[in-house]
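Where a number appears in this text, it was derived from the coordinates with a stated rule and is not lab data. Predicted model only: the values in this text are computed from it and were never measured. Every residue, glycine as well, gets a Cβ built from its backbone with ideal geometry; the counts of neighbours run over all protein chains shown.
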Ligand code: MLT
């Protein structure tokens, strides 16, 4: 008899943001007059900045002429972009990453879901709890997580590292030894950041036990604190234990344009094998390269004009963070994050569950957020708001929440 991949069948429900989308669409259908504001999924609202638009137009024109037309791009990315990233994101921050250790992709979500393919099926993963659901779900699909217990909302073979207010949303080193450790800083969903000192402890730990850290730094553009590293490679020893995933979505508004990259240093070996070779093989086999026009657009992110415009754009979203944080604090809510990250993580009032608060916010304030429990059991009684709305909508949303 034909059998599907039964590991997929173990996944409970639908992907978190699909569920939220469905719920808010149903509410809008039932209340067509309601002006619903979404501060749920972390999708940007500001248009691509002029420097990027200019680069896109020029690249589109290149595609119209035989002499400048581009077909398949190199599967690992154009060398001009990889060199620019190596210089700006790494060399200028004192990190040693060479262009050929950078793999351009269609975004951090794909890379963070796909990276697990290069590890053995019996690897033990450790994740923060709450966590960006892609890390766990992609490992479930690969058959690496055991069975799901709906009571505890946990997978039997996953090591959970609770991140709660009591530990400043940074996990303790786990008691059981993992093979793969997922860390995301600045953090989605809690908005917390990690100091270089704390992150260095993780790097030392991973090197000591032979684990690999998958470091998701998609939100690094939001860092303001001087002691918070923008890359894990700022920590000594990270080249031999860490893979870093980066995105152009949140620093440059590419959520719809799609582009990201993953860094796999050549020093990173496990079982005598360079993970760089495995990821290159995987990328070359399954990916035909990110579009030329989008990679050209990314070059503008690093131009003087682009840097200046993007600083303003990130500043716009950071202002939203302050609007949300100040208003919620004023109304007596317990709030976290929102300083080095575009997410505000609040405690639900009156011991309400995260989904109860979701429903109440939608019904009473017509505001959509993300229930903390959707990110893991330790997210229960928390709720996430994103700063990626427009300034006007953000102000209006918090006004309604305050009134509620
Ligand atoms: C989120 O809301 O957590 C993010 O937008 C999801 C993503 O970047 O894929």
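In region 53-302, the alpha-carbon atoms span a convex hull of 130 Å³ per residue. Taking packing as the residue-averaged number of other Cβ atoms within 10 angstrom, the listed peptides 155-167, 186-198, 296-308 run from highest to lowest as 186-198, 296-308, 155-167. Computed on region 136-212, the Cα convex hull volume stands at 111 Å³ per residue.
Using R0 = 25 Å, the C-beta based FRET efficiency linking residue 100 and residue 303 works out to 0.60.
Beta-bridge orientation, the chain: approximately 55 percent antiparallel, per DSSP, counting only bridges with both partners inside.
When peptides 106-113, 278-285 are ranked by their average number of other Cβ atoms within 10 Å per residue, the highest-first order is 106-113, 278-285. Once the Cα-Cα distance is subtracted from the 0.36 nm per residue extended length, the residue 72 to residue 273 segment shows a gain of 69.5 nm. Size of region 1-92 from its Cα atoms: along the principal axes, largest to smallest, the extents are 52, 50, 36 Å. In this calculation the C-beta distance from residue 1 to residue 359 is compared with R0 = 60 Å, giving a FRET efficiency of 0.90.
Remark: spin-label model distance residue 29-residue 391 equals 3.7 nm, labels positioned 7 Å along the Cα→Cβ axis. Take the Cβ atoms of residue 62 and residue 117, set R0 to 45 Å, and the FRET efficiency comes out at 0.85.
The value obtained for region 258-404, namely the Cα convex hull volume divided by the number of residues, is 179 Å³ per residue. Counted by neighbouring Cβ atoms within 10 Å, the residues 9, 259, 385 run from fewest to most as 9, 259, 385. Of all DSSP-defined beta bridges confined to region 162-268, some 30% are antiparallel rather than parallel.
Rounded to the nearest 500, the helix-only mean residue ellipticity at 222 nm of the chain stands at -10500 deg cm²/dmol, with each DSSP H run of n ≥ 4 adding -39,500 (n - 2.57). Descending by average beta-carbon neighbour count within 10 Å, the peptides 211-223, 29-41 line up as 211-223, 29-41, the highest first.
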